[in-house]
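The values are calculated or read from the model by the stated rules, or taken from the named source; none is laboratory data. It should be emphasised that the depicted structure is a prediction, and the values quoted were computed from it without experimental measurement. Methodologically, a virtual Cβ is constructed for each residue, glycine included, from the backbone with ideal geometry; neighbour enumeration extends over all protein chains shown.
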Amino acid sequence: MSSRSLLCRSSWLVLLCAAPAWVGAQTEPATESPAMAASAPAETARPRLASLRQLLGMPPVLQLSGNGPALSLGDALQAAWQNSPDVAAARFRSLSFDYTRKAARGALLPKLETRFSVGRGHLETPDRTDNLGRGDHSAVLTQALVDEAARHEWTRQELLAASADVQLAGVESQTLLDTGAAWFAVLQQRVGVELGQGYEKELNELLRYISDRVAAGGASPAERERITARVANVRSGLADSRAALAAALRNFQRLSSVTPFGLALDAPMDLYLPVDADAAMTEAEAGNAELQSSKLEQQAAESERRGNRAAFLPRLAVELTHSETRNAAGSLAQQRDSKAMLVMTLPLVNGGADYARMRASEAHRDELQARGEGVRRRVVQDLETGYANLRAATERFASVRDELEANRKVVDAFRAQLTGGNRQLLDVLDAYQRLYQSRIDIVQVVVSAALNEWRIAHLTGALRTVVAR
């Protein structure tokens, strides 16, 4: 048999053996590559503070100082609600407006006045023979029947008192927002310190391992110095983190008047959020303190304008008077006078003061309307910005969470490969750095999302229900 025939027969045998594998490869469903799997849209999950314990392996309580009980977010809000000087000032302001409202109502209620006078009376008459002491006594009861100026002033004070109550609610909501933001800032800085300490511990373990290898001649001293430099850098960052934690803690103490011994990593109280910015604006029209206060102040300015215009109208009142006069002319005499009168007062000329006040109140009303439109536009902008940031935080949370899990697996694999001598130290250090940064990023995303939720709840007026319930 020739060599050419053997070559042909061998080629056919190779084709027959490879054919089943080739057919199976063509009929087998295509599997997704790791790169394609990584590019697939990640499952969206709402960032929650409670997820930090599971993702980062945090303890349920992060100690700050001392051995006292940990402070939860709800405890912090209650303390701020009770101890805030801004809330106390707003309450006293509301009380002041309430008494002013009652004073304005008093102008429409019965008014009783009494007058006593004792002295000397002198009447020039040709036959005057004596000069006795004189005394006058009178009591006047007045009830307004028609007084448009007083009625509009009462309405104005009613609106201003209602505005003060709404502003009190706004101050309480702002205090809760500031306290919550301060609590989140303390939490973020404290978790950052905890993560930095864990990062330093991992580097120290790696440093001990490399030092042992250097002593055994399996690694160069330069590798040990590289880890030493990285540890020094981490310690420098920890010093900055501790300073930021102290500043955040001081701000929290100012707002809540309490010094926490530790922070409880509980989930923030559930906040109801509308589905989008348009629905949130609909609720803000009825619940936002600034919008409601602006509307009430505009109505009060309109009532003031009507009251100044009513100064040109007549006033009608009932007046009951009883008076006694003793020794009116210096001579022995006694006079008593009782009368019931219907009194009408018609203003004629006041130097243009009433007209000027009316025009001034009109300008003040227009000013408040312009300011109210500015407030409404700002609330719309803040709501749209808040929802955009919240959507971005939700999407970023899923990505950062996947990145964290991937970096954790990379660190475990590189650590094992380094022990086996199959991985360079620089790769391991880079993996440690990426894992640490992923942990910092997940904390920042969760805190940012929580702050955006609280701002939206504040703008819609729903934040006060967290403590009120």
Scanning region 447-469 residue by residue, the ones that are buried (at least 22 other Cβ atoms within 10 Å of the Cβ) and either without any contact (Cβ under 8 Å) to a residue 12 or more places away in the chain or on the phi > 0 side of the Ramachandran plot (or both) total 1
Within region 364-374, is there a residue that is part of a helix (DSSP H, G or I), out of contact with any Phe, Trp or Tyr (no Cβ under 8 Å at 6 or more places or on another chain), at pLDDT 90 or above and among the aliphatic types (A, V, I, L, M)? yes
Please specify each residue of region 303-317 satisfying the condition of being in contact with a Ser or Thr (Cβ under 7 Å, 6 or more places away or on another chain) and either hydrophobic (A, V, I, L, M, F, W, C) or crowded, with 17+ Cβ neighbours inside 10 Å (or both). 303, 304, 305, 308, 315, 317
Go through region 429-446 and report how many residues are among the β-branched types (Val, Ile, Thr) and surrounded by fewer than 21 Cβ atoms within 10 Å (Cβ to Cβ). 1
Taking region 321-365 and the residues there that are of a type in the set (Val, Ile, Thr) and under 30 Å from residue 308 (Cβ atoms), the one that is surrounded by the fewest Cβ atoms within 10 Å (Cβ to Cβ) would be 349
Just to be sure I understand the filter: pairs with C-beta atoms under 7 Å, separated by 6 or more residues or on different chains, first member in region 194-218 and closer than 26 Å to residue 239 by Cα, second member of a type in the set (A, V, I, L, M, F, W, C) and assigned to a loop (DSSP other than H, G, I, E, B). Which pairs pass? 194/58; 210/219
Kindly establish whether residue 377 is among the charged types (D, E, K, R), modelled with pLDDT of 90 or more and either crowded, with 16+ Cβ neighbours inside 10 Å or within 30 Å of residue 265 (Cβ to Cβ) (or both). no
Every listed condition ((1) surrounded by fewer than 17 Cβ atoms within 10 Å (Cβ to Cβ); (2) modelled with pLDDT under 90; (3) charged (D, E, K, R)) holds for residue 384 save (2)
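If I go through region 409-428 residue by residue, how many of them are crowded, with 16+ Cβ neighbours inside 10 Å and assigned to a helix (DSSP H, G or I)?
Adding up the residues that qualify gives 7.
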Of a type outside the set (A, V, I, L, M) and under 30 Å from residue 456 (Cα atoms): which single residue out of 384, 362 fits that description? 384
When you scan region 46-114 for helices (runs of 4 or more DSSP H) that lie fully inside it, which ones turn up with 2 or more residues that are farther than 23 Å from residue 164 by Cα and modelled with pLDDT under 85? 51-56, 73-83
